[in-house]
Amino acid sequence: MAPGMMISFVALATLLAWRGAEAYPRFWYDSDYLIAYGYGPDAGYDWSVFPERNCFNYPTTAYTGFYPAHSSPYTDSSIGLAFALSDGSAVTALCPGATHTVTLSFPNPRLALLTTNPPVTFTSPKPATSDCPGRVDLGGSSDANEATSFDGTFTVPCSAQGSSVVFAVTSAGTSARRWAQAQATLAVADAASAQCAAVSTTCVAAVPDPSPVAEPSPEPAVEPSPEPEPSPSPAPEPEPSPSPAPESQPEPSPAPKPQPAPSPASSSSPSSASPSKSSKPAPPPRRQPSKLHTAGGRRHPPPTRRPPPRRG
């Protein structure tokens with residue numbers, strides 16, 4: 001081969017290789033790589049057209065001057081995404097803490113960039129950069145690794161439970177360099193659910209407890225006050241004994257009736273002259289004061305009683 005033709009062939013091969021490099025995922029996430037190929041701001045390229053750099057963004061428009069062959073991305077329904085547990089059983093929801101696999105399939109050999117939001121943690125292939133565990137470069141940005149399918153292994157962080165994870169793939173091939181994209185959104189189940197507890201208990205203890213209801217502070221125990229000792233009851237005052245009924249004063253006995261004066265015969269009898277010592281004469285009757293007789297309103301003294309004449 002003539003030297004001139006050899007130089008032309010090398011230049012063409014270099015140009016084709018450069019054009020092929022435009023499909024490399026690394027151009028998207030590695031600024032140094034982009035600068036190394038002459039696409040830096042110093043070369044007159046306006047990087048303000050790119051979205052804010054983070055771990056889960058991907059091409060969304062045609063970036064004038066940067067990737068002329070890829071134009072604007074389009075949704076490619078021929079891209080397949082399938083998810084399973086580590087034992088191969090297919091799933092439609094993810095379990096926090098459990099190991100899962102994702103399989104991407106294409107109708108033709110491609111390289112691809114796979115991002116997740118919120119990020120999962122890929123263990124295979126190794127994440128493109130250590131600061132973004134949920135982003136992988138499928139094929140390693142090497143034309144030699146283009147393939148019709150790629151497998152990835154990942155776990156879902158405990159913090160993602162109750163949310164959903166968006167898997168976004170951006171691919172391109174040598175025969176069709178326009179960005180072809182697809183997405184899949186999977187819910188993250190509760191770590192304590194039956195389907196997840198059966199495959200992983202890593203996140204069960206990490207499930208945040210619901211906010212506890214503030215319990216009222218316990219009131220200090222009130223010690224029962226000692227019962228007052230019963231004061232001795234005062235001795236019952238003696239009830240006053242009923243005053244004795246006044247003794248009934250004896251009624252005055254009726255005055256004895258006046259006995260008739262002894263007749264003269266009896267006085268001259270010998271028995272009366274020498275009375276027996278044993279018999280004493282009865283005391284004269286007590287004379288009751290006589291009431292004054294009144295007649296016609298005038299008071300008259302009682303008649304004077306004359307003693308009987310003495311007989312010789």
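Would you please list the contacts, defined by Cβ atoms under 8 Å and residues six or more apart or on different chains, that run from a residue in region 49-66 that is closer than 15 Å to SER31 by Cα to a residue that is among the acidic types (Asp, Glu)? Every condition considered, the pairs that remain are CYS55/ASP131.
Checked against (1) within 19 Å of CYS158 (Cα to Cα); (2) buried (at least 23 other Cβ atoms within 10 Å of the Cβ), ASP137 passes all but condition (1). I'd like the full set of residues that are touching a helix residue (DSSP H, G or I) at 6+ places or on another chain (Cβ under 7 Å) and over 24 Å from THR75 (Cβ atoms), limited to region 41-62. Across region 41-62, the qualifying residues are PRO41, TRP47.
When we screen THR185, THR116, THR123, THR99 for residues that are under 38 Å from the mean Cα position of the chain (by Cα), under 19 Å from VAL199 (Cα atoms) and not basic (Lys, Arg), the only hit is THR99. What is the one condition in (1) closer than 20 Å to THR174 by Cα; (2) in contact (Cβ under 8 Å) with a residue 40 or more places away in the chain that GLY140 does not satisfy? With (1) closer than 20 Å to THR174 by Cα; (2) in contact (Cβ under 8 Å) with a residue 40 or more places away in the chain applied to GLY140, the lone miss is (2).
When ARG110 is tested against (1) surrounded by 19 or more Cβ atoms within 10 Å (Cβ to Cβ); (2) farther than 20 Å from PHE66 by Cβ; (3) over 37 Å from the mean Cα position of the chain (by Cα), exactly one condition is not met: (2). Looking at region 69-92, is at least one residue at pLDDT below 95 and acidic (Asp, Glu)? Yes, because at least one residue in region 69-92 is at pLDDT below 95 and acidic (Asp, Glu).
The values are calculated or read from the model by the stated rules, or taken from the named source; none is laboratory data. Here the structure is a predicted model, which means the values were calculated and not measured. Because the Cβ atoms are built from the backbone with ideal geometry, glycine has one as well, and the counts that use them run over all protein chains shown.
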